[in-house]
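Have a look at the structure below, then the notes.
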Amino acid sequence: MKQLVIIGSVWPEPNSTAAGSRMLQLISLFQKQDYSITFLCSASPSEFSFDLNQISVETQSIQLNDISFDLLIKELNPAVVLFDRFMIEEQYGWRVLENCPNALRILDTEDLHYLRKAREIAFKQNRELVFEDYISDTFKREMASIYRCDLILLISEYEMQLATETFKIDPTLLYYLPFLSNEINTNVPKFEDRQHFVSIGNFLHEPNWHTVLQLKKHWKSIKEQLPDAELHIYGAYVSEKAKQLHNEKEGFLIKGRAESVIDVYSKARILLAPIPYGAGLKGKLFEAMQLGLPSVTTTMGAEGMHGALDWNGFITINYTDFIAKTVELYTNKSLWETAQKKGYEIIEKRFKTNLFAADFINKVEYLQENLTTHRNQNFLGQIVQHHSLQSTKYMSKWIKAKNS
């Protein structure tokens with residue numbers, strides 16, 4: 001049985017973040033190929049962390065900048081190591097290389113952090129993004145991490161295009177692996193059995209907070225046309241500034257953590273997601289399609305999700321359009337039912353697990369069998385590996401010596 005080691009930035013919380021759900025999907029793919037999996041993490045688990053032992057994944061806490069990791073990874077001797085985000089590869093990549101040089105190193109980007117950062121800068125300065133926005137310290141660090149690894153997982157077709165066309169990354173290093181869906185739930189409440197709007201998103205994620213601020217700006221105009229409607233905003237780790245937006249009279253309700261997304265989505269008529277910036281795929285919109293909940297979002301929200309298919313509701317381009325389409329979808333039963341079906345179609349044709357599982361595993365196995373050739377062709381990666389990891393390595397050793 002082959003050994004997979006996953007080094008996580010945090011312990012997965014699938015009920016709090018889309019990244020948590022994504023991690024469980026990756027674990028499932030490898031388990032179906034009889035991989036034995038060990039999940040390592042230096043963060044402290046929370047009360048909402050998923051119990052990985054329930055799904056036969058071994059877990060172990062690790063320490064930053066500590067030689068105990070070297071001993072552990074050598075003992076585990078994995079065939080594959082999966083880094084959860086580039087920051088984790090920075091911390092542990094050189095240790096994996098030194099102690100398990102023949103392990104296939106996979107980077108799961110979750111989303112491209114440099115893209116999100118560039119868009120955040122442009123959004124906060126109220127202007128269009130320009131190429132120079134990309135070239136941040138985050139960009140340099142993430143690109144270096146990408147080149148140091150053997151395979152990079154990208155979750156969005158847009159990000160694949162950006163990586164290959166704008167930044168000329170060799171496509172043999174990249175693999176498109178979006179959110180995955182095993183089944184679609186069509187046994188859900190009908191239009192007339194639902195009421196109110198819903199929005200959802202972990203408040204620790206900055207784009208989600210700005211989405212809530214957008215909703216606050218839009219809500220008064222929507223409420224004027226739909227006086228009986230309410231907007232229920234859910235999300236883990238609610239901040240005090242978010243709680244201050246709660247207003248019973250306006251029907252703008254900050255609800256906090258959702259105990260069950262299925263329950264929340266089954267009661268609401270529409271998901272509102274005026275996402276102003278971000279990257280990757282949006283878990284809230286993906287789950288809405290799976291659960292038969294139409295949505296109104298922005299071009300940024302829908303990016304990379306529907307391809308040439310129609311959206312399951314509306315993609316809006318400005319403030320006025322968002323309000324008009326929200327009211328139209330909320331009040332038009334025929335339009336709503338059509339939108340629901342379009343969401344099911346997007347999931348069926350673009351995100352079903354069987355569209356990706358076999359090809360992904362074949363890619364992993366091919367790279368394991370041809371690892372030396374693959375690495376030799378990635379000569380730029382070897383250059384980056386030589387220079388950047390030496391600095392990371394000796395910084396880590398310095399911190400260890402200082403702490404001692």
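The values are calculated or read from the model by the stated rules, or taken from the named source; none is laboratory data. Since the structure is predicted, the reported quantities are computational estimates derived from the model, not experimental observations. Here the Cβ positions follow ideal geometry from the backbone for every residue, glycine too, while neighbour counts run over all protein chains shown. In case anyone asks, the SASA skips ligands and DNA or RNA and just uses the protein heavy atoms, side chains included. Shrake-Rupley method; radii C 1.70, N 1.55, O 1.52, S 1.80 Å.
Can you tell me which residues in the range 191-216 are modelled with pLDDT of 95 or more, open to solvent by 50 Å² or more (accessible area, probe 1.4 Å) and touching a helix residue (DSSP H, G or I) at 6+ places or on another chain (Cβ under 8 Å)?
Within the range 191-216, E192, Q195 qualify.
For the range 298-337, enumerate the residues that are open to solvent by 20 Å² or more (accessible area, probe 1.4 Å), of a type in the set (A, V, I, L, M, F, W, C) and within 20 Å of the chain's Cα centre (by Cα).
Residue satisfying the conditions is M300 alone.
Inspect the range 158-170 for any residue being free of Cβ contacts under 8 Å to residues at least 12 places away in the same chain, over 24 Å from I7 (Cβ atoms) and part of a loop (DSSP other than H, G, I, E, B) and give the result as yes or no.
Within the range 158-170, one or more residues are free of Cβ contacts under 8 Å to residues at least 12 places away in the same chain, over 24 Å from I7 (Cβ atoms) and part of a loop (DSSP other than H, G, I, E, B).
Can you name the residue in the range 1-25 that is open to solvent by less than 20 Å² (accessible area, probe 1.4 Å) and either within 15 Å of S46 (Cα to Cα) or among the polar types (S, T, N, Q) (or both) and is also modelled with the lowest pLDDT among such residues?
Top of the filtered list is S16.
Could you list all residues from the range 346-362 that are buried (at least 16 other Cβ atoms within 10 Å of the Cβ) and either modelled with pLDDT under 95 or assigned to a helix (DSSP H, G or I) (or both)?
Those that are buried (at least 16 other Cβ atoms within 10 Å of the Cβ) and either modelled with pLDDT under 95 or assigned to a helix (DSSP H, G or I) (or both): I346, I347, R350, T353, A357, F360.
Return the residues of the range 262-279 that are open to solvent by 20 Å² or more (accessible area, probe 1.4 Å) and within 28 Å of K117 (Cα to Cα); say none if nothing qualifies.
Correct list: P276 only.
So, in the range 225-252, exactly how many residues are part of a strand (DSSP E or B) and either among the small types (G, A, S) or crowded, with 17+ Cβ neighbours inside 10 Å (or both)?
Residues meeting the conditions: 5.
Kindly list, by first and then second residue, each pair from a residue in the range 122-149 that is more than 18 Å from F379 (Cα to Cα) to a residue that is among the aromatic types (F, W, Y) and in a loop (DSSP other than H, G, I, E, B), limited to pairs with Cβ atoms under 6 Å and residues at least 6 apart or on different chains.
F123/Y277
Pairs needed: first member in the range 98-113, farther than 17 Å from S145 by Cβ; second member anywhere, of a type in the set (K, R) and open to solvent by 20 Å² or more (accessible area, probe 1.4 Å); C-beta distance under 6 Å; at least 6 residues apart or different chains.
Sorted first by the residue in the range 98-113, then by its partner, the pairs are N99/K74.
Restrict the check to the range 172-186 and report whether at least one residue is of a type in the set (D, E), closer than 25 Å to Q25 by Cα, surrounded by fewer than 20 Cβ atoms within 10 Å (Cβ to Cβ) and at pLDDT below 95.
Yes: the range 172-186 contains one or more residues that are of a type in the set (D, E), closer than 25 Å to Q25 by Cα, surrounded by fewer than 20 Cβ atoms within 10 Å (Cβ to Cβ) and at pLDDT below 95.
Of the conditions (1) touching a helix residue (DSSP H, G or I) at 6+ places or on another chain (Cβ under 8 Å); (2) in contact (Cβ under 8 Å) with a residue 60 or more places away in the chain; (3) within 27 Å of S156 (Cβ to Cβ); (4) hydrophobic (A, V, I, L, M, F, W, C), I73 satisfies every one except a single condition; which number is it?
Checking I73 against (1) touching a helix residue (DSSP H, G or I) at 6+ places or on another chain (Cβ under 8 Å); (2) in contact (Cβ under 8 Å) with a residue 60 or more places away in the chain; (3) within 27 Å of S156 (Cβ to Cβ); (4) hydrophobic (A, V, I, L, M, F, W, C), the one that fails is (3).
Taking the range 32-49, which residues are open to solvent by 60 Å² or more (accessible area, probe 1.4 Å) and either farther than 19 Å from Y92 by Cβ or in contact with a His (Cβ under 7 Å, 6 or more places away or on another chain) (or both)?
Initial filter on the range 32-49 (open to solvent by 60 Å² or more (accessible area, probe 1.4 Å)): 32-34, 44-45, 47-48.
Scanning the range 32-49 gives K32, Q33, D34, E47, F48.
Among what's in the range 256-273 and is farther than 23 Å from E192 by Cβ and of a type outside the set (A, V, I, L, M, F, W, C), pick the residue that is modelled with the lowest pLDDT.
Out of the qualifying residues, it is E259.
Please work out which one of (1) of a type outside the set (V, I, T); (2) in a helix (DSSP H, G or I); (3) on the phi > 0 side of the Ramachandran plot is the condition N126 fails and give its number.
(2)
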